[in-house]
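No value in this document is a laboratory result; all are computed from the given coordinates. Because the structure is predicted, anything quoted here is derived from the model rather than measured. Note: ideal-geometry Cβ built from the backbone for every residue, glycine included; neighbour counts use all protein chains shown.
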Amino acid sequence: EQVTFSGRYAASVKQPVLYITERAVFRLRSAGLELIEVAPGIDIERDVLAHMDFKPLIRDVKPMDPALFQPVWGQLKSAMT
């Protein structure tokens with residue numbers, strides 16, 4: 001079996017890691033995954049946590065930029081900078 005990414009190793013070397021889905025953004029921390037952003041209209045408990053086998057760290061959750069969900073292509077780079 002091949003492992004192409006090790007979250008444990010990335011956390012140990014403090015490599016910045018984001019997991020981005022259509023519902024939420026998580027940041028890898030040494031203590032685990034932290035929920036840092038949610039998409040507009042998403043209920044954290046119903047739409048995110050209810051579908052997870054563990055509870056992520058939750059501190060200061062911000063809304064994802066609504067512009068990311070518009071039907072305009074090619075804007076991701078500007079949203080990431």
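The figures follow:
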| quantity | calculated |
| --- | --- |
| Straight-distance crosslink candidates among lysines, where the alpha carbon sits under 27 Å from residue 77 and sequence neighbours closer than 8 are dropped | 14, 62 |
| Centre separation in Å (Cα based) which lies between the stretch 4-44 and the stretch 45-81 | 10 |
| Order of 52, 80 - criterion: other Cβ atoms within 10 Å of each residue's Cβ, fewest first | 80, 52 |
| Order of 26, 69 - criterion: other Cβ atoms within 10 Å of each residue's Cβ, fewest first | 69, 26 |
| Computed Kirkwood radius, in angstrom, where 1/r is averaged over Cα pairs of the stretch 7-80 | 13.4 |
| Residue-averaged [θ]222 nm for the chain, counting only DSSP H segments that reach four residues, each worth -39500 (n - 2.57) | -3000 deg cm²/dmol |
| Residue 21-residue 53 pseudo-label distance in nm [points 7 Å out on the Cα-to-Cβ vector] | 1.3 |
| Per-residue Cβ neighbour rank within 10 angstrom, fewest leading, 42, 58 | 58, 42 |
| Nitroxide proxy distance, nm - points 7 Å out along Cα→Cβ at residue 43 and residue 69 | 1.5 |
